[in-house]
Amino acid sequence: MTKLAPIHPGEILLEEFGGGAHPTRGGHLGQHLGRGPAMTLDRLQQEVLKLPVGERIRLAEWLASNLEVEAEIEREWLAEVRRRDEEMEAGRVPDLALEDAIASVRARFGW
């Protein structure tokens with residue numbers, strides 16, 4: 001049986017009892033975590049196709065929900081950008097030159 005388990009934000013581990021594939025983000029999946037040989041995306045796709053239909057459906061649903069969350073975050077950021085732009089256009093907040101903004105961040109964090 002294969003199970004999905006979160007490892008780190010944005011990463012997953014496909015772990016088969018007795019060892020197996022460990023896909024994570026990156027061009028070669030798994031190697032940077034020290035969990036066995038590297039796995040390419042093509043190899044991951046081949047392995048996923050070996051899963052029973054029910055597990056492939058669960059994986060597809062998990063991937064889709066992950067994309068939906070990312071899309072929602074992107075929509076929220078876009079709304080925030082538009083809100084801030086409207087505030088600047090209306091004169092409710094002062095505009096700040098890029099050089100001044102960078103200097104402020106450097107001063108605040110000691111860079």
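Read-outs throughout are calculated quantities, based only on the coordinates presented, and are distinct from any laboratory measurement. Just so you know, these numbers come straight off a predicted model, no measurement behind them. All Cβ positions, glycine included, derive from the backbone under ideal geometry; neighbour counts span all protein chains shown.
Some notes on this structure:
- Using a simple spin-label model with pseudo-atoms 7 Å out from Cα toward Cβ, Glu70 and Ile102 lie 3.0 nm apart.
- Segment 73-111: trypsin sites (Lys or Arg not before Pro) falling in loop per DSSP and having at most 13 other Cβ within 10 Å: Arg92
- Charge tally for Met88 (other residues, Cβ to Cβ under 15 Å; Lys, Arg +1; Asp, Glu -1): -3.
- Cα-based Rg / Dmax (Å) for segment 52-111: 20.3, 59
- Proximal charge balance of Arg75 [Cβ under 13 Å; K/R count +1, D/E count -1]: -4
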